[in-house]
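K.L.:
Sending over a structure as structure tokens; questions will come in a sec.
The values are calculated or read from the model by the stated rules, or taken from the named source; none is laboratory data. Treat the numbers as computed from the prediction; the structure is a model and nothing was measured. Note that each Cβ is placed from the backbone with ideal geometry, even for glycine, and that neighbours are counted across all protein chains shown.
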Amino acid sequence: MAGVSVVGPTRRGAFPGSFNPLTVGHLAVAAAAVEQCRLDVVDLVVSRVALAKETVERPRLEDRVAVLRAAADSRPWLDVVVTDHQLIADIAAGYDVVVMGADKWAQVNDPAFYGGSAAERDAALARLPAVAIAPRPPFKVPDDQAVLDVSHDASSTAVREGRTEWMAPEAAEFDSLSGAWSDPERYDAWLKGRSG
């Protein structure tokens, strides 16, 4: 029919992580997933209590999420979701694609995260949607998995250890204001000043 446009369903990808902090690498992976997996939106999905990172106290979840929302504000293909789920299979339920680094893929395949049960792991893996994996040496990506064509060395761990140039611009701005990643004592004082 002339003048009528048909719009298909929105294709969404889940990119789980703690994003502590959000890095240029995270943004590169999300952008590559949009392009290479034909996604309309990638959700940066943050667990309120991340699996194997239960002791993370700083910066606060709400501050990390605020940085993610600031990044999403200028990128219409990016969104933010906060969840109580911890397992990737639960987080990815309902998505078209789940995006992760090869290091996370190794974790997803480790029975230790399923109470030591290979059967529980296999059941969780069977529930996953399509998987798109970003290379992360030295971790190997199986031949049967989609590999994103993206290269980045940036990691949140390296940023916390001093590679602050790898912070996403929004994280760098918040860090400059608060010291969230570069100066824990200044961050604590910043929090105290906000509550007082």
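K.L.:
Pick out, from the range 6-91, the helices (runs of 4 or more DSSP H) lying fully within it that include 2 or more residues that are without any contact (Cβ under 8 Å) to a residue 12 or more places away in the chain.
P.N.:
61-73
K.L.:
Which of the residues belonging to the range 121-146 are under 8 Å from residue 102 (Cβ atoms) and among the charged types (D, E, K, R)?
P.N.:
If the condition is that a residue be under 8 Å from residue 102 (Cβ atoms) and among the charged types (D, E, K, R), then 136, 140 are the ones that fit.
K.L.:
When you go through (1) surrounded by 14 or more Cβ atoms within 10 Å (Cβ to Cβ); (2) modelled with pLDDT under 95; (3) hydroxyl-bearing (Ser, Thr, Tyr) one by one for residue 55, which number turns out not to apply?
P.N.:
(1)
K.L.:
Ok, one more. Residue 112 is checked against (1) surrounded by 14 or more Cβ atoms within 10 Å (Cβ to Cβ); (2) at pLDDT below 95; (3) more than 15 Å from the chain's Cα centre (by Cα); (4) among the hydrophobic types (A, V, I, L, M, F, W, C) and fails just one. What number does that condition carry?
P.N.:
Among (1) surrounded by 14 or more Cβ atoms within 10 Å (Cβ to Cβ); (2) at pLDDT below 95; (3) more than 15 Å from the chain's Cα centre (by Cα); (4) among the hydrophobic types (A, V, I, L, M, F, W, C), residue 112 violates only (1).
K.L.:
Test of understanding: among 22, 78, 87, 44, which residue is modelled with pLDDT under 95, within 18 Å of residue 99 (Cα to Cα) and in contact with a helix residue (DSSP H, G or I) (Cβ under 7 Å, 6 or more places away or on another chain)?
P.N.:
Working: 22 fails: modelled with pLDDT under 95; 78 fails: modelled with pLDDT under 95; 44 fails: modelled with pLDDT under 95.
From the options 22, 78, 87, 44, the qualifying one is 87.
This table checks each residue for (1) modelled with pLDDT of 95 or more; (2) out of contact with any helix residue (DSSP H, G or I) (no Cβ under 9 Å at 6 or more places or on another chain); (3) not aromatic (Phe, Trp, Tyr).
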residue: 143; (1), (2), (3): no, yes, yes
residue: 146; (1), (2), (3): no, no, yes
residue: 150; (1), (2), (3): no, no, yes
residue: 155; (1), (2), (3): no, no, yes
residue: 162; (1), (2), (3): no, yes, yes
residue: 167; (1), (2), (3): yes, no, yes
residue: 170; (1), (2), (3): yes, no, yes
residue: 173; (1), (2), (3): yes, no, yes
residue: 177; (1), (2), (3): yes, no, yes
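K.L.:
Here's another thing I want to ask about it. Taking the range 92-107 only, how many residues are farther than 26 Å from residue 9 by Cβ and not in a strand (DSSP E or B)?
P.N.:
We begin by selecting, within the range 92-107, every residue farther than 26 Å from residue 9 by Cβ; these are 101-107.
Remaining after also requiring not in a strand (DSSP E or B): 102-107.
So the count comes out to 6.
K.L.:
Here is a follow-up. If residue 86 satisfies all but one of (1) in contact with a Leu (Cβ under 8 Å, 6 or more places away or on another chain); (2) among the polar types (S, T, N, Q); (3) surrounded by fewer than 16 Cβ atoms within 10 Å (Cβ to Cβ), what's the number of the condition it fails?
P.N.:
(3)
K.L.:
Here is a follow-up. I'd like the full set of residues that are buried (at least 17 other Cβ atoms within 10 Å of the Cβ) and touching a residue at least 60 places away in the same chain (Cβ under 8 Å), limited to the range 172-190.
P.N.:
Passing the criteria: 174, 175, 178, 180, 181, 187.
K.L.:
Continuing with the same structure: If you scan the range 152-171, which residues turn out to be surrounded by 12 or more Cβ atoms within 10 Å (Cβ to Cβ) and either over 17 Å from the mean Cα position of the chain (by Cα) or not aliphatic (A, V, I, L, M) (or both)?
P.N.:
Restricting attention to the range 152-171, the residues satisfying the condition of being surrounded by 12 or more Cβ atoms within 10 Å (Cβ to Cβ) are 152-156, 158-160, 163-164, 166-171.
If the condition is that a residue be surrounded by 12 or more Cβ atoms within 10 Å (Cβ to Cβ) and either over 17 Å from the mean Cα position of the chain (by Cα) or not aliphatic (A, V, I, L, M) (or both), then 152, 153, 155, 156, 160, 163, 164, 166, 169, 170 are the ones that fit.
K.L.:
Exactly one of these conditions fails for residue 131: (1) among the hydrophobic types (A, V, I, L, M, F, W, C); (2) over 12 Å from residue 13 (Cα atoms); (3) over 13 Å from the mean Cα position of the chain (by Cα). Give me its number.
P.N.:
(2) is the only condition that residue 131 fails.
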